[in-house]
Amino acid sequence: FCQNMSTTLKINEIYKSIQGESTHTGRPCIFVRLTYCNLRCTYCDTEYAFYEGKEQSIDTIMDEIKSVNCNLVEVTGGEPLFQPECIELLNRLVDEGFEVMLETGGSLPISQVPKSVIKIVDFKCPSSGMMKKNLWSIVDEIQSHDEVKFVIGTREDFDWACQRIDEYFLAEKCTILFSAVFGEIEPKEIIDWIVDENVPVRFQLQSHKYIW
């Protein structure tokens, strides 16, 4: 971790759009994208967030968020939890009455994340190349309003994800999302597998990639 005693974060971008994924798809949302990531997934679509960004105080970040008329805020990355100060930002957002989402890659603890935050935990399947980085103790911290996501690129990914759902009783804990690796596999293929196997998941498209 980059230990920084002042309450600043390296921010890649802040913008308003709609939610493209999760059960909150389609809702207007402010995205706060933090710089840095501890993973290097084969299919990453936000490599620009690995290093690019500028230091901003949490006060400045909050002012920018408040200047946009929207109550739903998602903190994402990169890997937002790679910067320890992210927790302070999440607490500020919660304290000031925002509905808060956190997109995290499943490799760093979420125990310090405020309980009311909706956590989208993106556990990594084999084709990501980052499967060994998954931190399965996270499962103990997951609440019913959280969501677990698996990004599927191959049949191996699908079978592996199904095994993890069973092993960790994920369907009893929260909503489970299956996505396709964009451009690598036809969504219909995954949907056929889900239907055939009767897997207790919600299939999702990354709607922002089809719109823009």
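The values are calculated or read from the model by the stated rules, or taken from the named source; none is laboratory data. Just so we're clear, the structure is a prediction, and the values are computed from it rather than from any experiment. We place every Cβ from the backbone using ideal geometry, glycine too, and count neighbours over all the protein chains shown. Surface accessibility is based on the protein's heavy atoms, side chains included, excluding ligands, DNA and RNA. Shrake-Rupley method; radii C 1.70, N 1.55, O 1.52, S 1.80 Å.
Number of residues in region 71-107 that are in a loop (DSSP other than H, G, I, E, B), of a type in the set (A, V, I, L, M, F, W, C) and open to solvent by less than 20 Å² (accessible area, probe 1.4 Å) equals 0. For region 166-212, which residues satisfy the criterion of being assigned to a loop (DSSP other than H, G, I, E, B), charged (D, E, K, R) and open to solvent by less than 90 Å² (accessible area, probe 1.4 Å)? Lys173 - this is the single residue of region 166-212 that is assigned to a loop (DSSP other than H, G, I, E, B), charged (D, E, K, R) and open to solvent by less than 90 Å² (accessible area, probe 1.4 Å).
The condition of being farther than 27 Å from Val117 by Cα, modelled with pLDDT under 95 and open to solvent by 20 Å² or more (accessible area, probe 1.4 Å) does not hold for Glu156.
Scanning region 1-17 for residues that are modelled with pLDDT of 50 or more, open to solvent by 40 Å² or more (accessible area, probe 1.4 Å) and over 14 Å from Lys54 (Cβ atoms) turns up Ser6, Thr7, Tyr15, Lys16. Please tell me if Tyr43 is open to solvent by 40 Å² or more (accessible area, probe 1.4 Å), farther than 28 Å from Leu170 by Cα and among the aromatic types (Phe, Trp, Tyr). No: the conditions fail for Tyr43. Which of the residues spanning region 125-134 are crowded, with 23+ Cβ neighbours inside 10 Å and not hydrophobic (A, V, I, L, M, F, W, C)? Within region 125-134, Ser128 is the sole residue that qualifies. For Ser137, the criteria (1) at pLDDT 95 or above; (2) more than 20 Å from Pro84 (Cα to Cα); (3) open to solvent by 20 Å² or more (accessible area, probe 1.4 Å); (4) of a type in the set (Gly, Ala, Ser) hold in every case but one, which is (2). Across region 58-70, the number of residues qualifying as touching a residue at least 40 places away in the same chain (Cβ under 8 Å) and part of a loop (DSSP other than H, G, I, E, B) comes to 2. Tell me which residues, restricted to region 108-124, are within 15 Å of the chain's Cα centre (by Cα) and either open to solvent by 20 Å² or more (accessible area, probe 1.4 Å) or closer than 21 Å to Glu167 by Cβ (or both). If the condition is that a residue be within 15 Å of the chain's Cα centre (by Cα) and either open to solvent by 20 Å² or more (accessible area, probe 1.4 Å) or closer than 21 Å to Glu167 by Cβ (or both), then Leu108, Pro109, Ile110, Lys119, Ile120, Val121, Asp122, Phe123, Lys124 are the ones that fit. Taken over region 154-180, residues that are in contact with a Cys (Cβ under 9 Å, 6 or more places away or on another chain) and farther than 13 Å from Phe123 by Cα amount to 2.
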